[in-house]
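We did not get these values from a lab; they are worked out from the coordinates using the rules stated. Please read these numbers as outputs of a predicted model, since none were measured by experiment. Quick reminder, even Gly has a Cβ in these numbers, built from the backbone with ideal geometry, and neighbours come from all protein chains shown.
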Amino acid sequence: MSAINDYQVQVHNEVQNQSRTGRSFRDAVQALEEIARRSVSLISKPLPEFQIDEHAYHIPRYLFLGPKGGAEPIRVGFFAGTYGDEPEGTVALREFVERLELTPILGKDFCLFLYPILNPSGFEAGTRETIGGVNIPNQIWKNSNSPEVQQLQSELWMHAFDGLVSLKTDPKSSELGIAVGGPVFARHLLGNALQTAQDLLPQVIDARRDALPRLRWQQLNEPNDLIRAAPGLKPRPFEVVITIPAQAPVYLQKAAVCLILQTALSAYRDFISYGANI
């Protein structure tokens with residue numbers, strides 16, 4: 001078996017293992033913990049522990065501090081594992097962190113807040129909702145008693161993110177989806193930067209499973225269905241929702257997501273710099 005086939009089997013097994021009931025969310029972020037222990041850029045700062053049915057959980061949180069350029073770092077939140085039965089986003093976000101650690105300049109001017117598993121109890125149980133039956137996105141900004149929702153809302157308020165990036169999975173798709181909110185930035189990203197990225201994401205043909213997933217995009221004109229800023233908040237952060245195609249090979253899912261995340265950060269950095277120089 002070739003090296004690339006060995007790698008495909010490895011990452012396929014990784015996602016399958018993380019989908020099994022009883023999988024530990026702590027094990028799923030162990031690689032990130034190891035990076036944080038030796039890194040000068042990545043910091044592990046988990047949210048406070050909470051109890052559900054006598055079991056202890058916490059939402060893992062990591063901060064990546066990129067090389068300083070401007071006076072004020074750009075704060076962007078990355079959210080994965082919102083649904084416990086969608087481990088693909090967790091795996092892709094971890095891959096992105098590994099790339100940032102190897103090439104910190106990708107995060108220049110940014111302070112990145114990374115939440116790889118927002119739903120730790122659902123992740124372990126392999127269920128979409130928390131083990132308390134809470135659908136996290138449906139309860140945001142609705143006075144929920146869910147500890148996961150309350151902690152998420154607190155993070156969104158306290159850090160006043162300039163941007164929100166959410167990852168989810170489409171189990172039937174072979175195309176990578178991206179939706180962008182924030183009209184001005186959406187036009188900049190969708191009309192310019194992603195046109196170039198599309199050249200690196202050729203259309204998937206059944207006979208060519210080695211091609212990266214094709215990219216499809218849209219502009220968000222209404223609040224998205226995952227992580228979103230508080231209603232009425234001004235200025236509103238830009239929002240990016242990436243839909244990972246479960247039908248594409250896992251190693252290509254990770255490569256495509258990382259490309260889009262790098263493209264979005266670079267585009268927003270240029271967008272801010274252009275605005276500041278007008």
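Quick notes
- Label point distance in nm, D270-A246, each placed 7 Å from Cα along Cα→Cβ: 3.5 nm
- Per-residue 3J(HN,Hα) values for the range 147-162, derived from phi via the Karplus relation 6.51 cos²θ - 1.76 cosθ + 1.60 with θ = phi - 60°, read x, 5, 5, 4, 5, 4, 4, 4, 4, 5, 6, 5, 8, 6, 4, 6 Hz in sequence order (x marks Gly and Pro).
- Modelled spin labels at E72 and K108, positioned 7 Å past Cα toward Cβ, are 2.1 nm from each other.
- Taking label positions 7 Å along the Cα-Cβ direction at both H159 and L63, the computed distance is 0.9 nm, reported to one decimal.
- Sorted by Cβ density within 10 Å, fewest first, the residues L102, L252: L102, L252
- The simple Förster model, with R0 at 25 Å and r as the Cβ-Cβ distance, assigns Q30 and D225 a FRET efficiency of 0.25.
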